[in-house]
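Read through the structure below, which is laid out as structure tokens, and then see the notes.
The values are calculated or read from the model by the stated rules, or taken from the named source; none is laboratory data. Keep in mind that what you see is a predicted model, and the values were worked out from it rather than measured. Glycine gets a Cβ as well: all are built from the backbone with ideal geometry, and neighbour counts include every protein chain shown. These accessible areas exclude ligands, DNA and RNA; they are computed on the full protein's heavy atoms, side chains included. Shrake-Rupley method; radii C 1.70, N 1.55, O 1.52, S 1.80 Å.
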Amino acid sequence: VLNFDPYFLGDIKNPKHDQAVSSTSTKIEGEVNIQLLDNWIHRLLHDQGEQLYRYKGIIAVKGRDEKYVFQGVGHYFSGKFSGKWGEDEARESTFVFIGKDLNLKLLNEGFKACRQTDELRFTVGTLVEANVGRYEKGVVIEQWDEGNAYRIRLKGGREIWAPVDIDVYVRLPVDGKQDQ
């Protein structure tokens, strides 16, 4: 045992802590776009997963009444909706990171960039074109459905989601015609 741990019999140890290990937490008021958050987390895990020892958070997702609770270690991430926000409870989101050689500015600003701040461009009833591999005409039938910016009923009756309010997913008809 003494060969393995020379301090086993009680000599005082002077542990040395790795100064490269740090932590940060970020709290934002308001709601988060779950699609932006999901994309950001996947990119973060791909690029910096080895540096992330532990991370966790509670997120107020735009379009959802439930809290999104998640945690992870390294490249392993797990999250689910759990418990509803109280009527008097502030809808805010908190993210905590612990790791080695963390870029604190990148983590804090990246998380803040997932906040949903703008009003959506299209109201319910607006004729749009939705990208389903090609653009098809449809009508916005709901905003913020299951965390997606829009739910759209296509001309043939099928319903799809536009996860983010950008032209790549949904746009005004390019022919300018507002009829179906």
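Ligands, DNA and RNA aside, LEU106 has an accessible area near 80 Å² when probed at 1.4 Å.
For the chain, the number of Lys pairs with C-alpha atoms closer than 24 Å, counting only pairs eight or more positions apart or on separate chains, is 28.
Please identify the GluC sites (Glu not before Pro) of region 62-91 that satisfy two criteria: DSSP loop assignment and at most 15 other Cβ atoms within 10 Å. Which are they? Here the GluC sites (Glu not before Pro) that fit, given the DSSP loop and packing criteria, are GLU87, GLU89. What FRET efficiency comes out for the pair ASP65/ARG158, r = Cβ-Cβ distance, R0 = 35 Å, nearest 0.05? With a Förster radius of 35 Å, E is 0.85. Computed over the alpha-carbon atoms, region 15-61 gives an Rg to Rh ratio of 1.06, Rh here being the Kirkwood radius from the mean inverse distance. Taking every DSSP helix (H) stretch of at least 4 residues in the chain, weighting each as -39,500 (n - 2.57) and dividing the sum by the residue count yields a mean residue ellipticity at 222 nm of -4000 deg cm²/dmol. Across all Cα atoms of region 129-168, the radius of gyration (one decimal) and Dmax (whole number) stand at 9.1, 24 Å. Over the C-alpha atoms of region 45-86, the Rg to Rh ratio, Rh being the Kirkwood estimate, stands at 1.08. With the whole protein complex present, PHE122 retains an accessible surface near 10 Å², based on a 1.4 Å probe.
Extension gain for the segment ILE141 to GLU109, taken as residue separation times 0.36 nm less the Cα-Cα distance, is 8.2 nm to one decimal.
Loop-located GluC sites (Glu not before Pro) across region 103-180 with a Cβ neighbour count of 11 or fewer within 10 Å are GLU119, with loop assigned by DSSP. Once you order the gyration tensor axes a ≥ b ≥ c over the Cα atoms, which shape class does region 100-166 get: rounded for a/c under 1.5, otherwise prolate or oblate by comparing a/b with b/c? Prolate.
Normalised by residue number, the volume inside the convex hull of the Cα atoms of region 44-151 is 139 Å³ per residue. Which option, (1) 9, 29, 24, 19, 10, 4, 3, 2, 0; (2) 10, 36, 35, 17, 1; (3) 8, 23, 21, 14, 15, 15, 4, 0, is the value of P(r) over Cα pairs in 10 Å bins from 0, in percent that was calculated from these coordinates? It is the one labelled (1). Per atom type, the chain shows carbon and sulfur on 49% of its accessible surface, probed at 1.4 Å. For SER23, the accessible area of its heavy atoms, probed at 1.4 Å with every protein chain present, is near 80 square angstrom.
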